[in-house]
1. Only helices at least 24 Å long along their own axis, judged from Cα atoms, and with Kyte-Doolittle mean hydropathy of 1.6 or greater: name those in the chain from DSSP H.
2. Over all distinct alpha-carbon pairs, what is the Kirkwood Rh of the stretch 48-106 in angstrom?
3. Largest first, please: the extent of the C-alpha atoms of the stretch 98-165 along each principal axis, to the nearest Å.
4. Could you work out how far the C-alpha centroid of the stretch 126-147 sits from that of the stretch 203-223, in angstrom?
5. Tell me, what is the per residue accessible area of the stretch 98-165 in Å², probe radius 1.4 Å?
6. Leaving out ligands, DNA and RNA but keeping every protein chain, what accessible area does Thr22 have, in Å² rounded to the nearest 10, with a 1.4 Å probe?
7. Net charge near Ala53: determine it from the other residues with C-beta under 13 Å of the C-beta of Ala53, scoring Lys and Arg +1 and Asp and Glu -1.
8. As a test of the formula, what do you get for the chain when each DSSP H run with n ≥ 4 contributes -39,500 (n - 2.57) and the sum is divided by the residue count, at 222 nm and rounded to the nearest 500 deg cm²/dmol?
Amino acid sequence: MPDNDVILAVDTIHATYNHAITALHGVSFEIRRGEILALLGANGAGKTTTLKAVSNLLPAERGQVNAGTIRYDGADVSRRKPGSLVRDGLVPVLEGRHCFKSLTVEENLVAGGIGRSGRRTEISADLERIYSYFPRLKEKRRTLSGLTSGGEQQMTAIGRALMSRPRLLVLDEPSMGLAPLIVQDIFQTLRKLNRESGLSILVAEQNSAVALRYADHATVLENGVSVLAGAAADLRQREDVRAFYLGQQPSPAAKPTRLHAVA
Ligand SMILES: Nc1ncnc2c1ncn2[C@@H]1O[C@H](COP(=O)(O)OP(=O)(O)OP(=O)(O)O)[C@@H](O)[C@H]1O
Ligand SMILES: [Mg+2]
């Protein structure tokens, strides 16, 4: 029986590239409606592959899910085209914050609304809503995206995704390459969107400190396997988690006994 409170259920998925390189071999997690889930893990742990599997974008990269299931709103995503998933509210913002650099910020945003066949008045209402969440984008609305900062390009990529009126936003490392204050700003805005509109969010991050501060739950990947899951507030307390799975040094205050508890 599918649980109606669960918007996304990933169950023991295995994935390969070119039918040869194994990237995932046992990733499971669930996202409840209205929740932010952080997918954590070091370089190459399988975060991006998981997000692409969820959005059914692996086939475009010669990748395939070989085992396990992914259900969005109770239905198997492998039977759906990525575009149809977007129309249904599962909207990815993948790495590299792909903006059209020769279009203005506003043109980039409007491009995100086109697939929805939105009416003009609807599009301008959505734009105003996005500008209320990202005031910097309003200031830069007439600037070519290629001339805006990395943080503004990330905001534009998120704003463009919001134009599709997502119910589940899937983000790959929104903090990548950005200054700490901008990262805070972006995560605060994601949290606000989540609180005010019930938007569910799946966010992959190497920056576990910031992700755990804003997420409700987290799942940790190690070498293509989900090895640990829990409430973000609990994981945040555990130096051992950071040291063992996230490739970060424990602070000098972390006692060795706590480290042994996980080994
Ligand atoms: N297009 C591809 N073709 C072949 N192998 C790939 C491809 N993309 C990823 N891989 C491999 O799959 C594994 C998981 O990579 P993935 O990009 O999902 O990890 P990640 O957690 O997102 O890492 P990062 O933090 O560096 O972004 C790695 O071993 C990687 O080398
Ligand atoms: Mg990645």
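1. Result, helices passing both filters: zero.
2. On the way: mean 1/r = 0.0786 Å⁻¹.
When all Cα pairs of the stretch 48-106 are included, the Kirkwood radius is 12.7 Å.
3. Projected onto its principal axes, the Cα set of the stretch 98-165 covers 29, 21, 17 Å.
4. Spelled out, the Cα-based centre of one part sits 27 Å from the other.
5. Numbers: 3430 Å² over 68 residues.
So the stretch 98-165 comes to 50 Å² accessible per residue, rounded to a whole number.
6. Spelled out: Thr22, probe radius 1.4 Å, area about 80 Å².
7. Working: positive: Lys47, Lys52, Arg71, Arg80; negative: Asp11, Glu61, Asp76, Asp172.
Local net charge: 0.
8. Numbers: 11 runs with 99 residues, N = 263.
Calculated mean residue ellipticity at 222 nm is -10500 deg cm²/dmol.
The values are calculated or read from the model by the stated rules, or taken from the named source; none is laboratory data. Here the structure is a predicted model, which means the values were calculated and not measured. Counting neighbours? That spans all protein chains shown, and the Cβs are built from the backbone with ideal geometry, glycine included. These accessible areas exclude ligands, DNA and RNA; they are computed on the full protein's heavy atoms, side chains included. Shrake-Rupley method; radii C 1.70, N 1.55, O 1.52, S 1.80 Å.
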